Structures are given as C-alpha cells and as structure tokens.
1. Please tell me if residue 280 is open to solvent by 40 Å² or more (accessible area, probe 1.4 Å) and within 30 Å of the chain's Cα centre (by Cα).
2. In the list 212, 262, which residue meets the criterion of being farther than 26 Å from residue 29 by Cβ and surrounded by fewer than 19 Cβ atoms within 10 Å (Cβ to Cβ)?
3. On the given criteria, is residue 143 more than 16 Å from ligand 2 (Cβ to nearest atom) and in a helix (DSSP H, G or I)?
4. Are any residues in the range 241-277 touching a strand residue (DSSP E or B) at 6+ places or on another chain (Cβ under 8 Å) and farther than 15 Å from residue 229 by Cβ, and if so, which ones?
5. Kindly indicate whether residue 121 is loosely packed, with under 15 Cβ neighbours inside 10 Å, part of a loop (DSSP other than H, G, I, E, B) and of a type in the set (Asp, Glu).
6. State whether the residues of the range 49-69 include one that is under 18 Å from the mean Cα position of the chain (by Cα), free of Cβ contacts under 8 Å to residues at least 60 places away in the same chain and within 16 Å of ligand 2 (Cβ to nearest atom).
7. Residues in the range 152-180 that are without any contact (Cβ under 8 Å) to a residue 40 or more places away in the chain, part of a loop (DSSP other than H, G, I, E, B) and within 21 Å of residue 78 (Cβ to Cβ): how many?
8. Give, as residue ranges, the strands (runs of 3 or more DSSP E) completely inside the range 1-69 that count at least 1 residues that are within 16 Å of ligand 1 (Cβ to nearest atom).
Amino acid sequence: METIIETKNLTKTYGKSRGIVDVNIRVNKGDIFGFLGPNGAGKSTTIRTLLDYIRPTSGSATIFGMDCHKETVQIKKRIGYIPGDFGLFGHMTGWKYLEYFGKVRGGYDAEATKALAKRLEIKPDRKMKEYSRGMRQKMAIIQAFMNNPDLIIMDEPTSGLDPLVQQTFMDMIHERANEGTTIFMSSHVLSEVEKVCNRVAIIKEGRIATEEKVEDLRKKSGNVIQVKFTDAVDPEAFRMPGVTNPLRQNGYIRMTVSGNMESVLAEVSRHKVAEISIHPMTLEEIFMHYYEGAK
Ligand SMILES: Nc1ncnc2c1ncn2[C@@H]1O[C@H](COP(=O)(O)OP(=O)(O)OP(=O)(O)O)[C@@H](O)[C@H]1O
Ligand SMILES: [Mg+2]
C-alpha cells in the first residue's frame with residue numbers, strides 16, 4: 001500500500017509549552033483520514049507542520065515520500081489544503097485569492113474552479129473580508145479542491161457551514177476519494193467523520209491516543225447498554241470487569257461494556273426490566289470514552 005503522509009516522532013514545543021509530542025501517523029493512498037481530538041489537543045499544530053507553516057522541534061514528516069520542510073514547494077503542487085488563517089487574504093477578491101493559491105500550486109483548472117463555485121453557490125467576486133464565515137469557508141474549500149490534487153489536507157473544513165452545504169461537501173469528498181484522492185481532515189463533528197472517514201486518529205494532550213480503521217475501532221470498543229428497571233436499582237451493581245462508568249441518567253442506567261456481556265446481562269435479569277437497548281458504540285461515544293479517559 002502506498003504511503004501518502006507519514007510522521008515520525010513529530011514533536012513541536014512552543015517555548016516551554018506542549019504543542020505535539022512524538023506524533024506517529026501514517027495515511028495510505030485512498031484513505032479518508034479523520035483527525036480528531038479535543039480543543040488544544042494538537043490537530044492544527046500537526047497540520048501546520050505538515051504544510052511547513054511551522055517547523056517541528058524534533059521528528060520528521062513526509063508527504064509522497066518527500067520531506068515536508070525541504071520539499072514543500074514540490075509537495076504543494078500536488079496537494080490541496082485549507083490554511084487556518086484567512087487574515088492575510090482579506091484585501092483580495094475571491095478570484096485573486098484562488099489565483100494566488102493557483103500560482104503556489106503551479107496552476108489550477110479554471111473550469112473546474114467555476115464548477116466548484118457554482119456547486120457551493122458562491123460568487124468569488126467580492127473581497128475576502130466582506131464574506132461571512134461560512135462563505136469564506138466555501139472559498140477555502142474551492143481553493144483546496146480546485147487543482148485536482150492527489151491529497152487534500154483540511155483543518156476543520158466544515159466549521160461555519162450550514163447543514164445543506166456540509167452535505168454537499170461530504171458528497172464532494174466521497175467523489176474525490178472514489179477518483180483516488182487521499183483526504184486528511186481534522187474535525188470536531190464526529191457524526192460527520194463517522195459517515196465519511198475510513199480511518200481515524202485521536203489526538204489527546206499532544207499525543208496520539210489511537211490510530212485505527214473506523215470499523216476496527218468500533219469492534220474493539222464494545223457496546224452501550226441502557227436499561228430502565230421497574231424498581232430502583234443501584235448502578236454500582238454493574239461495576240464489574242469490562243464495564244465502564246455505570247451511571248443513572250434520566251431514569252435509565254447506562255454503561256459501556258467491552259468484551260463479553262454475559263455477566264452484565266445476568267445482573268440485569270436479576271431485576272424487573274421495563275426497557276432495554278444495546279447498541280455498538282458510535283464514534284462519538286468512543287471519542288468521549290477516550291476523551292474522558294484523559295481526565
Ligand atoms: N503559537 C502558539 N504559541 C504557543 N502555544 C501554542 C501556539 N499554537 C498552539 N499552541 C498550543 O499547542 C497546543 C495545541 O494547539 P492546537 O492549535 O494544535 O490544538 P487543536 O487540536 O488544533 O485545537 P482546536 O480544536 O481548538 O483547534 C495547545 O496547548 C496550544 O495552547
Ligand atoms: Mg485547531
């Protein structure tokens with residue numbers, strides 16, 4: 001399998017404070033890779049390092065086998081990306097902004113760009129600073145997709161987009177992935193990542209907590225059981241191996257169970273059950289599980 005992005009013990013410290021620590025990730029050709037983590041975890045720092053906006057303190061990163069710092073010019077010709085900061089481009093019109101990034105990439109497809117603008121229902125003729133947040137985000141998406149790149153790197157691409165546009169954007173990602181483009185995106189919107197990504201990495205306090213196929217993560221992470229009993233039952237009765245955090249919530253007892261469910265179900269059946277549901281953890285629940293584990 002062809003490796004598209006690889007980081008080796010990528011570390012960035014800002015003065016004395018942590019940015020990222022020993023980040024190792026590998027993104028393969030064709031992946032739609034979701035990069036998840038709470039605020040301040042290190043997503044943007046990792047992405048800025050990949051794009052050579054900042055230099056790592058130690059460790060290294062490659063894209064298409066080329067060094068992210070030394071060969072950034074060659075790399076940028078083959079990638080599309082959404083830079084975090086639009087402040088610099090405020091005075092440019094939308095078209096100028098697209099032209100500017102087109103030059104960085106050694107050209108872009110004008111027809112494809114027009115088609116993208118039409119699809120996202122935006123006219124690139126106004127100054128960037130005059131656009132709303134969502135409109136600027138649309139411009140950034142056009143800019144990332146316009147040169148038919150082999151890899152698209154995006155830091156929270158859907159922030160500020162309304163649900164309809166988010167859906168269009170998800171369709172665009174699927175289409176590109178089907179054509180062989182590799183996608184790397186950070187996000188806070190877990191339901192969206194769950195819909196679109198085949199692999200995810202979760203970053204927590206600057207370190208990678210897990211990197212896996214979405215389907216493996218789900219398999220490993222177990223089930224959520226929610227039970228309503230006819231009589232009062234102490235959630236502590238379910239504190240047993242494999243069970244995390246049995247809690248009472250709105251009259252239900254809720255817990256996550258990894259591995260065998262028999263002993264939990266045996267305990268459940270000792271009481272009168274009014275209602276029960278069991279479902280595999282969603283990515284959101286898995287994420288909360290990792291996130292809470294950090295505290
Ligand atoms: N320019 C900077 N100077 C000092 N510290 C910084 C700087 N940029 C980021 N950091 C620190 O690095 C850590 C990681 O920040 P980063 O922006 O990468 O997080 P993030 O995962 O993108 O968070 P968010 O979800 O809020 O965007 C944070 O603790 C942050 O305070
Ligand atoms: Mg960020």
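1. Yes: the conditions hold for residue 280.
2. Just a single option satisfies the conditions, and that option is 262.
3. Answer is yes for this residue.
4. 242, 243, 244, 245, 256, 257, 258, 261
5. Yes; evaluated as a whole, the condition is true for this residue.
6. Yes, the range 49-69 contains a residue that is under 18 Å from the mean Cα position of the chain (by Cα), free of Cβ contacts under 8 Å to residues at least 60 places away in the same chain and within 16 Å of ligand 2 (Cβ to nearest atom).
7. Total satisfying the criteria: 1.
8. Here the list reads 3-14, 17-23, 32-36, 58-63.
The values are calculated or read from the model by the stated rules, or taken from the named source; none is laboratory data. Bear in mind that the values here come from a model prediction, so they are computed numbers and not experimental data. Backbone-built Cβ (ideal geometry, glycine too); neighbour counts: all protein chains shown. Note: areas computed on protein heavy atoms with side chains; ligands, DNA, RNA excluded. Shrake-Rupley method; radii C 1.70, N 1.55, O 1.52, S 1.80 Å.
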